[in-house]
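These notes are about the structure you will find just below.
The values are calculated or read from the model by the stated rules, or taken from the named source; none is laboratory data. On a predicted model such as this, the values are computed, not experimentally measured, just so you know. Because the Cβ atoms are built from the backbone with ideal geometry, glycine has one as well, and the counts that use them run over all protein chains shown.
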Amino acid sequence: MPYLYRDLKPRSPALPGAACATHSSGKAYEELKQECLHRGVLFEDPDFPACDSSLFFSEKPPIPFIWKRPRDIVKDPKFILGGATRTDICQGDLGDCWLLAAIASLTLNKKTLARVVPLDQNFGPDYAGIFHFQFWQHNEWLDVVIDDRLPTFNGRLVFLHSAECNEFWSALLEKAYAKLNGSYEALKGGSTIEAMEDFTGGVGEMYEVKKAPDNFYEILEKALKRCSMVGCSIDTSSAAESEAKTPFGLIKGHAYSVTGIDEVSYRGWQVQLIRIRNPWGQVEWNGPWSDNSLEWRSVSPSEQRRLSQAARDDGEFWMKFEDFKVHFDKVEICNLTPDALDDSTAHKWEVTIHQGSWVRGSTAGGCRNFLETFWTNPQIKLQLTEKDDGQDECTFIAALMQKDRRKLKKFGAEMLTIGYSIYESPGRDGHLGKDFFRYHPSKARSKTYINLREVSNRFKLPPGDYILVPTTFEPHQEADFCLRIFSEKKAITEDLDQNVAIDLPEPINPTPSPQETEEEKLFKALFEQISGKDMEISAEELEYVLNAVLKRTKNIKFKNLSLISCRNIISLMDTNGNGKMEFNEFKVFWEKMKKWINIFLQFDFDKSGSMSSYELRSALKAAGYQLSNYLLQLIVLRYSDEQFQIDFDDFLNCLIRLENASRVFQALSVKNKEYINLNIGE
């Protein structure tokens, strides 16, 4: 299916207070709840029914699950019991440890938690079987409503659950997130940073621990102080190693959350420690500084209390930071956007957001390896105007996210391999062409192309103008994307592909010559033969004339022009409104036709009689049309074939319709404004 996203300007980050209702009824949570209370019924969500389709899309449940409300599972259910904490998160029979690690990190920031999990919900007198949660999706906060029916087996929750059997906020949060993504199965496998971003609207950074900078401890300390969410994991070398337990009690291929970082006084030395949590709620590190290790005997009771150290099998443990760097491979940090930070937080990011799409045949050009199409990708201009404090360069993070791939899993969609390149701007406006990228190397680029939902990297560049080109690795791959720029100082961004401009010369009457050319003699003879003495021809007769003449033109290969094209030609050239073309009108049109033939031949590189749809932007620009990505994508969908080729007849049709539309617009516009007002008659 085509992806056509239209966004006319950079957007500011969305504010959570304006979360959009998502229920198919168009009603918000409170309205749905009041309706249920008024009718004396418990809410049942038709958008996410209690049936197998909400569980799995590729298979049936291995055992028969029974959907039950919390009141049917325990006598005294609570939404939150004693505060929402990381011990409320215990993994069930779903491979979504990445999500659970993010939820554990979420509990460390009460303000962020209260946004995602509205705390005024309960099973009290106004209980109506309905709950709601808020998630960030592509610069928009969504309010997701669910009923509280949960899948169970033998009276126990099958998936995420709390260590307290009568606490249900975490299980209901998982259900809402499953609804957002289409099913519980859609949550299998993922990156912790993905859920962290959906909880905060933040931007992720990934570090390879073995290659981390020397100040990595300080980076993590600063991140946690800023209330950033942090996760970590151990790589696997094969699928068989997934969830394998190491001799030290760590799980490979498993998502952990980082919940603290600190120093402790130990035998006269300061030791750097890091606190990790396993979302299973059990299975812990058993090396130095683990719950029952000898090291804690040399730490004062007050220090142990400060670090909340206790020997509990709750999945949380401390370990020496040097050991952490040995045993873990990846760390993911989710930096919060300005609206997610407390007013007291000193550092806030400046954020701009662009929405776009890669569409086969027009804007899905692939990476720089594919030069012939790379230049057709969307292009965003980035202006870095202000240096960092005390620095000569400007710091920014560029985060490229592919949209809705998890939701599209049931249709066979997978995460595409994505990345981006950054070029120094040549100082001219408009979409940069193929030759620019042929002769100019990139100034910076994403560290790698990878099949994750988001690719983000931090850069430092001198002040100036740059062009950022987001791409898939392979050409012809379709997806919607969201590009976010986080900068230390204010940066200005502009989509180079949104401006529409038309530069058409006024029609020029052919200059009369003393003697008729052979071409004119041929046309006149054909006209007289077909039209008679009035020298006017219909669309059917024009079809015959043009095809007869073009067949004698040796420098162009083409199939016959269609009757539709000829009707469009007459519509363009008919000045007296009689539905026919006079000989003088034909001569004016033929001057246009020769120009359009030359343009077509210029971009028919293999002389096959068709041109690549990826060249259409340049061909239309040569004809006087600068189009936005949105319009270009629509035109390619209309006029190209399955191999992304456009023959001369379709190219001609496209130009005729564009000229017709532009002439009408110019006739109706006032003082060359960019818009017109039309009544029903017009």
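Any residue at all in segment 220-238 that's surrounded by fewer than 14 Cβ atoms within 10 Å (Cβ to Cβ), out of contact with any Pro (no Cβ under 8 Å at 6 or more places or on another chain) and closer than 16 Å to S191 by Cβ? Yes, segment 220-238 contains a residue that is surrounded by fewer than 14 Cβ atoms within 10 Å (Cβ to Cβ), out of contact with any Pro (no Cβ under 8 Å at 6 or more places or on another chain) and closer than 16 Å to S191 by Cβ. Being in contact (Cβ under 8 Å) with a residue 40 or more places away in the chain and touching a Pro at 6+ places or on another chain (Cβ under 6 Å) holds for only one residue in A128, A101, A176, A195, and it is A101. The test for being closer than 22 Å to Q355 by Cβ and assigned to a helix (DSSP H, G or I) holds for E197. Taking the listed residues K594, K587, K551, the one that is over 23 Å from V636 (Cβ atoms) and at pLDDT 85 or above is K594, with no other qualifying.
Would you confirm whether any residue within segment 215-234 is in a loop (DSSP other than H, G, I, E, B) and more than 28 Å from D96 (Cα to Cα)? Yes, because at least one residue in segment 215-234 is in a loop (DSSP other than H, G, I, E, B) and more than 28 Å from D96 (Cα to Cα). Scanning segment 396-440 for residues that are of a type in the set (S, T, Y) and over 27 Å from N335 (Cα atoms) yields S425, Y439.
A quick yes/no check of all residues on (1) in a strand (DSSP E or B); (2) modelled with pLDDT under 95; (3) charged (D, E, K, R); (4) surrounded by 14 or more Cβ atoms within 10 Å (Cβ to Cβ):
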position: Q391; (1), (2), (3), (4): no, yes, no, no
position: T395; (1), (2), (3), (4): yes, yes, no, yes
position: D404; (1), (2), (3), (4): no, yes, yes, yes
position: G419; (1), (2), (3), (4): yes, no, no, yes
position: R428; (1), (2), (3), (4): no, yes, yes, no
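Candidates in segment 44-72 are the residues that are in contact with a Lys or Arg (Cβ under 8 Å, 6 or more places away or on another chain) and not in a loop (DSSP other than H, G, I, E, B); of these, the one that is surrounded by the most Cβ atoms within 10 Å (Cβ to Cβ) is S54. Consider segment 343-367 and keep the residues that are in contact with a Ser or Thr (Cβ under 9 Å, 6 or more places away or on another chain) and more than 19 Å from P470 (Cβ to Cβ). The one that is modelled with the highest pLDDT is E350.
Residues checked against (1) more than 19 Å from the chain's Cα centre (by Cα); (2) closer than 25 Å to G260 by Cα:
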| residue | (1), (2) |
| --- | --- |
| K110 | yes, yes |
| Y127 | yes, no |
| V145 | yes, no |
| P151 | yes, no |
| A186 | no, no |
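In segment 368-378, the residue that is nearest to Y466 (Cα to Cα) out of those that are out of contact with any Lys or Arg (no Cβ under 6 Å at 6 or more places or on another chain) and crowded, with 22+ Cβ neighbours inside 10 Å is P378. Residues in segment 150-169 that are closer than 23 Å to K409 by Cβ and touching an Asp or Glu at 6+ places or on another chain (Cβ under 8 Å): 3 in all.
Kindly indicate whether any position in segment 253-262 is over 22 Å from G315 (Cβ atoms) and surrounded by fewer than 18 Cβ atoms within 10 Å (Cβ to Cβ). No, segment 253-262 contains no residue that is over 22 Å from G315 (Cβ atoms) and surrounded by fewer than 18 Cβ atoms within 10 Å (Cβ to Cβ).
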